[in-house]
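These notes concern the structure reproduced below.
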DNA sequence: GCCGTTTTCGGCCCGACTGTTTTCAGTCG
């Protein structure tokens, strides 16, 4: 059993205790689930090495949950889970995925209407049965139906952020198979799409049988869909399908090109081949029956008169024309972010201390971070007020003195993620904002405003002379929450006018601004920052997702302020205000 | 059920918002 599955069961335990009105256990299980999810090693590995004691030592996991995990690893279940599940036998994860539905409401729906899953829920809602329940009404019934519809739209797609670690593990495993030469994942994963449908892995190897055997017997495999000499397909426990294809060396580049897509891009590229009287398929570029390119992608694009096009750009939105003219811009390189502009700590809803986050950032190759804990009115995170910010500022000064020497000048900057209130004002007083290095603002409430109201609200905040960055400008959460209604073009123009940088948030479930908005911002001459929205030390790894998004938005290094060293970054940020 | 430079027992992050209600439970993150 893998960490994700253990975490899922622990999370479910928490929800079931919540339905039972048990105190404190829900939070304890929730925390334990998070702890397991964030482990950098497999829990089963940990258990194998150090037994139950090793599990107990994980912060957030004590003797009771360690015993549950032990049982999970040994038998796949444990008694308390079985007992609770029997009481309320519903597909909890499925039902609470509906926006606005939580464990308590699920309990009522089961007790009163015997609703066990999404199908039951939809049927009952459509029949008007839900509005008759106590504490439910027409509005909640409508909201449930809207929630189901939204879920259905995003169904079958997975966040790249959740899939990529699995992909890397599988790639590593295949690389170790004797006789294997090259391993790469194509498709939407290689294109760094926000969400992906399945995993396409390409392998060159002398003995395909060995690859297929390893691939179809991996621990992640739930079912084998197909197994042949050159192609196999499996369903993974994460409910995502994965294909592997074994190819001859001379076709590797052609297959990579063919399976990386997207469809529109491939059609355009193949049209160019046809115009030249050639044929392009997954085995190569052919003149008649003669293979003229196929070993690498570069030689295929070159033969077709194109610059090599980075995978994340292959969306048929101008990249082919630019590549034909040799005029692809110098996209912001991966790994070029020097400082992270959005970092939450345990002062609010982050999981680690300022020091831990700084050290993790330094290990990730960064030179500075901006601490941007939430402010006052975001009470659920324990948002900081002016006094809290002042105390945190002192702490940061102290840490900079200590760490500066030890860490070769690594800098921690003072910042905040200040709430934009309903009327566009900020929830922190001006004199406190003046003491910060970086003031970022964002919307966390009143998502239901009209487009005009929301746009005016945000622009009023941008006009505030202390504001440097607008965080997650559209508020979307991929697959879970639609963006709020806002005229993003107007916001971009206002950001440029008032000297505010726009965030390209790298968190795999936000990616906000999204690629098309980034391109609008770049074209409008507004400046950007790419940051991770880190809430725990491992989150600095998200930066690649944001950089990929920025590349797809045609951003170059100069468009992104935090590609600069700390002094230049601060100077550039201030410079925006003076223009 | 977890945790400990206030505690091995007694605390557990605090409040806004929504939709349902005539005073509040549930969700959000």
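Which one is surrounded by the most Cβ atoms within 10 Å (Cβ to Cβ) among residues in the stretch A:69-107 that are assigned to a helix (DSSP H, G or I) and near DNA strand B (Cβ under 8 Å from one of its atoms)?
Among residues in the stretch A:69-107 that are assigned to a helix (DSSP H, G or I) and near DNA strand B (Cβ under 8 Å from one of its atoms), the one surrounded by the most Cβ atoms within 10 Å (Cβ to Cβ) is A:106.
Scanning the stretch A:27-41 for residues that are free of Cβ contacts under 8 Å to residues at least 60 places away in the same chain and either buried (at least 19 other Cβ atoms within 10 Å of the Cβ) or assigned to a helix (DSSP H, G or I) (or both) returns A:27, A:28, A:29, A:30, A:31, A:32, A:33, A:35, A:36, A:37. As a summary of the residue check, residue A:328 satisfies the conditions (1) under 30 Å from residue A:273 (Cβ atoms); (2) within 16 Å of DNA strand B (Cβ to nearest atom) except for the one numbered (2).
Of all the numbered requirements in (1) surrounded by 20 or more Cβ atoms within 10 Å (Cβ to Cβ); (2) part of a helix (DSSP H, G or I); (3) within 21 Å of the chain's Cα centre (by Cα), residue A:168 misses one, and that requirement is (1). A single member of A:51, A:42, A:60 is at pLDDT below 95, away from DNA strand B (no atom under 12 Å from the Cβ) and on the phi > 0 side of the Ramachandran plot, and it is A:51. Out of the residues in the stretch A:269-299 meeting the condition of being free of Cβ contacts under 8 Å to residues at least 24 places away in the same chain and part of a strand (DSSP E or B), tell me which one is surrounded by the fewest Cβ atoms within 10 Å (Cβ to Cβ). Residue satisfying both the conditions and the ranking: A:290. For the stretch A:109-146, filtering for residues that are within 7 Å of DNA strand B (Cβ to nearest atom), surrounded by 13 or more Cβ atoms within 10 Å (Cβ to Cβ) and assigned to a helix (DSSP H, G or I) leaves 4. All of A:216, A:230, A:195 fail the test of being surrounded by 15 or more Cβ atoms within 10 Å (Cβ to Cβ) and over 29 Å from residue A:552 (Cα atoms), apart from A:216.
So is residue A:393 closer than 26 Å to residue A:463 by Cβ and surrounded by fewer than 23 Cβ atoms within 10 Å (Cβ to Cβ) or not? In short, yes.
Taking residue A:35, is it closer than 27 Å to residue A:91 by Cα, modelled with pLDDT of 95 or more and out of contact with any helix residue (DSSP H, G or I) (no Cβ under 6 Å at 6 or more places or on another chain)? Steps first, please.
Values: closer than 27 Å to residue A:91 by Cα: yes; modelled with pLDDT of 95 or more: no; out of contact with any helix residue (DSSP H, G or I) (no Cβ under 6 Å at 6 or more places or on another chain): yes.
No.
Of all residues in the stretch A:443-459, those that are closer than 27 Å to residue A:572 by Cα and free of Cβ contacts under 8 Å to residues at least 40 places away in the same chain total 5. Are there helices (runs of 4 or more DSSP H) fully within the stretch A:182-268 with at least 1 residues that are free of Cβ contacts under 8 Å to residues at least 24 places away in the same chain and farther than 30 Å from residue A:513 by Cα? List them. Fully inside the stretch A:182-268 and qualifying: A:208-216.
The values are calculated or read from the model by the stated rules, or taken from the named source; none is laboratory data. Treat the numbers as computed from the prediction; the structure is a model and nothing was measured. So basically every Cβ, Gly included, is an ideal-geometry build from the backbone, and we count neighbours across all protein chains shown.
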